[in-house]
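The values are calculated or read from the model by the stated rules, or taken from the named source; none is laboratory data. Computed from a predicted model, the values in this text were never measured in an experiment. Cβ: placed from backbone, ideal geometry, glycine included. Neighbour counts: every protein chain shown.
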Amino acid sequence: MYSRIMVPVDLAHEDAMTKAMDQAADLSRLYDIPVIIVGVTVSQPTSVAHNADEYTAKLEAFTTAHAERTGVGMESHPVIDHDPAVDLDAVLRDQCHTLGANLVVMASHVPRFSDVIFGSHADAFVRHGDVSVFVVR
């Protein structure tokens, strides 16, 4: 049914990603399909990494740690974008198609007031994407 799982991650909130990573691993085992971990960042310094190379290394370490913990093969895929705050939803949809993923597992948070007005990234992906999306809280 599914051929590849994409899991968008925010390394600034690694601790909130465990449930989504576990769900992706379970689905990977169920369908015997690969998992690709996608992280989007900028080339300038952020609170997560000083540059794109450091971010790539941190995303790889995050992916490896979860692959070892769950026993499922996972691949990291960093994306460098000039303005993820604005472009993130479109970048994730584009990456989904580029990578050939037809299932997305996304972590979400308890909705805040601003989410009622503007929506969350998971909400945007569900509304505007054309693949199956599993939102994990």
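Does the stretch 92-111 contain any residue that is of a type in the set (S, T, N, Q) and over 13 Å from the mean Cα position of the chain (by Cα)? For the stretch 92-111, residues of a type in the set (S, T, N, Q) and over 13 Å from the mean Cα position of the chain (by Cα): present.
For the stretch 12-22, the set of residues classified as surrounded by fewer than 19 Cβ atoms within 10 Å (Cβ to Cβ) and either in contact with a Phe, Trp or Tyr (Cβ under 6 Å, 6 or more places away or on another chain) or not basic (K, R) (or both) consists of A12, H13, E14, D15, A16, T18, D22, listed by residue number. Can you tell me which residues in the stretch 46-82 are closer than 20 Å to R4 by Cα, in a helix (DSSP H, G or I) and either modelled with pLDDT under 95 or of a type in the set (D, E) (or both)? E60, E68, listed by residue number.
When residues in the stretch 70-94 are screened for being within 19 Å of D22 (Cβ to Cβ) and either surrounded by 13 or more Cβ atoms within 10 Å (Cβ to Cβ) or touching a Ser or Thr at 6+ places or on another chain (Cβ under 7 Å) (or both), 5 of them pass. Screening P84, P34 for residues that are more than 20 Å from L103 (Cα to Cα) and touching a helix residue (DSSP H, G or I) at 6+ places or on another chain (Cβ under 8 Å) leaves exactly one candidate, P84.
Condition check: modelled with pLDDT under 90, over 19 Å from Y2 (Cβ atoms) and among the β-branched types (V, I, T). Does V110 satisfy that? Yes; evaluated as a whole, the condition is true for this residue.
Has the stretch 46-58 got any residue that is in contact (Cβ under 8 Å) with a residue 12 or more places away in the chain and within 22 Å of R137 (Cα to Cα)? No.
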